[in-house]
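The values are calculated or read from the model by the stated rules, or taken from the named source; none is laboratory data. Worth saying up front: this structure is predicted, and the values here are computed from it rather than measured. All Cβ positions, even for glycine, are placed from backbone atoms using ideal geometry, and neighbour counts span all protein chains on display.
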Amino acid sequence: MKICIYGAGAIGGYMGVMLKRGGLDVSLVARGAHLEAINAKGLTLVTKTETFTEQMPASRDPRDLGRQDVVIIALKAHQAWEAAEDLKPLLGPDTAVVTAQNGVPWWYFHGLGGAYADLRLRSVDPGDRQWNAIGPKRVIGCTVYPATEIIEPGVIKHVYGDQFGLGEPNRQESGRLTRLAEAIAAGGMTPRLFSDIRDDIWLKLWGNLCFNPISALTRATLDVVATEPGTRGLARSMMLEAQAIGEKLGVHFRVDVERRINGAAGVGGHRTSMLQDLDKGRPLEIDALLTAVQEMGRLVETPTPYIDAVLGLVQQMASVRGLYPTFPPEALAGEGAAEPAQERPLQLAAS
């Protein structure tokens, strides 16, 4: 199986090394000093017990790598939107595309059926860029649970976790899903298959949509956000709004709000990804975590006053710092969204 990791950063690089160690034919798309280091010395993964380095083809240009059996997109949502057209040289007739990202995916309503079948979410895919360039039929949904970080170019540290949730958008079993799960397992990671991957997407999103922006606004670590009465109450209110939206769309939440918050508190003094990005001056991942939930709330006529307030605050904070990755006005003129998006200039981070 030929697998290309598009975006071989912290998570993508971790997956690349592990899959390579599992015997897969792996290539990487990366850029900058990280790419230079990979090509010069290989990609190194540091774990709690060992350090190892793998040599893999790596390029900034997907045309150098050719058609793949599987492409794993390990970019943030706004970066994935920008890169959609660049994926085409990697795509053969049967290439599967795995969306290993946080938040609401652009393909969310594909295969769902009912009144919202194939509805497009403008907040995460304005102008249907990914829908048209990739095509929802290629997609395998994925939730990412490991924590990793790039500690220097070409070197990735694995902090904890090895689980990846997987599922077909049409909620069917498939040979390609089975083969991907086997490849992930061969690499020493843990695949978990879901009959409806949306349930797991929402379970992770449930925490990200509140803990990430609250931590960025307050600069508090996860344990503080989840235990201090004021921020815990705000997080709970946001989660209840999101739960009402998800349940109207057929989502099953397998734990309750209190258990989800307590689980976050148990992680300890973790700095959320949004807080880390803020401190490093990188664009914040806002739309896939919050704006999309707001858009879906309007779609199902569910008020979201707490989500709206926090979204407005974090958008403003990111905007004044030049850290809000948004989309060009011409991309926002497409059809299919529940509400028109605001017109803002595009600003994207390097992967």
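What the table below lists for this structure:
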item: The stretch 1-31, residues that are charged (D, E, K, R), touching a Lys or Arg at 6+ places or on another chain (Cβ under 7 Å) and either touching a residue at least 60 places away in the same chain (Cβ under 8 Å) or within 11 Å of L43 (Cα to Cα) (or both); result: R31
item: Which listed residue, of T148, T143, T221, is under 23 Å from T49 (Cα atoms), under 21 Å from the mean Cα position of the chain (by Cα) and among the polar types (S, T, N, Q); result: T148
item: Strands (runs of 3 or more DSSP E) completely within the stretch 145-233 that count 1 or more residues being touching a His at 6+ places or on another chain (Cβ under 8 Å); result: 147-152
item: Residue match in the stretch 330-350 (condition: more than 19 Å from A80 (Cβ to Cβ), of a type in the set (D, E), at pLDDT 90 or above and not assigned by TED's automatic domain parsing to the domain that holds V159); result: no
item: Test result for Y306, in a helix (DSSP H, G or I), outside the structural domain of G154 (by TED's automatic domain parsing) and either modelled with pLDDT under 75 or surrounded by 18 or more Cβ atoms within 10 Å (Cβ to Cβ) (or both); result: yes
item: Flag for G207 being small (G, A, S), modelled with pLDDT under 95 and in the same structural domain as E285 (by TED's automatic domain parsing); result: yes
item: Qualifying residue in the stretch 85-103 (condition: out of contact with any Lys or Arg (no Cβ under 6 Å at 6 or more places or on another chain), surrounded by fewer than 20 Cβ atoms within 10 Å (Cβ to Cβ), assigned to a loop (DSSP other than H, G, I, E, B) and of a type in the set (G, A, S)); result: no
item: Test result for Y108, under 24 Å from Q294 (Cβ atoms), of a type in the set (F, W, Y) and crowded, with 17+ Cβ neighbours inside 10 Å; result: yes
item: Residue in the stretch 36-45 that is of a type outside the set (S, T, Y) and touching a His at 6+ places or on another chain (Cβ under 7 Å) present; result: yes
item: Extreme residue, farthest from the chain's Cα centre (by Cα), among residues of the stretch 76-118 that are more than 21 Å from L177 (Cα to Cα) and among the hydrophobic types (A, V, I, L, M, F, W, C); result: A115
item: Candidate set from the stretch 129-149 (those that are modelled with pLDDT of 95 or more and either aliphatic (A, V, I, L, M) or touching a Lys or Arg at 6+ places or on another chain (Cβ under 7 Å) (or both)); member that is nearest to W202 (Cα to Cα); result: T143
item: Subset of the stretch 116-128 (residues that are of a type in the set (D, E, K, R) and either in contact (Cβ under 8 Å) with a residue 60 or more places away in the chain or touching a Lys or Arg at 6+ places or on another chain (Cβ under 7 Å) (or both)); result: R120, R122, D128
item: Residue within the stretch 311-325 that is outside any loop (DSSP other than H, G, I, E, B), at pLDDT 95 or above, within 20 Å of K204 (Cβ to Cβ) and assigned by TED's automatic domain parsing to the domain that holds I214 present; result: yes
item: Total residues in the stretch 57-75, condition aliphatic (A, V, I, L, M), surrounded by fewer than 24 Cβ atoms within 10 Å (Cβ to Cβ) and farther than 23 Å from R179 by Cα; result: 0
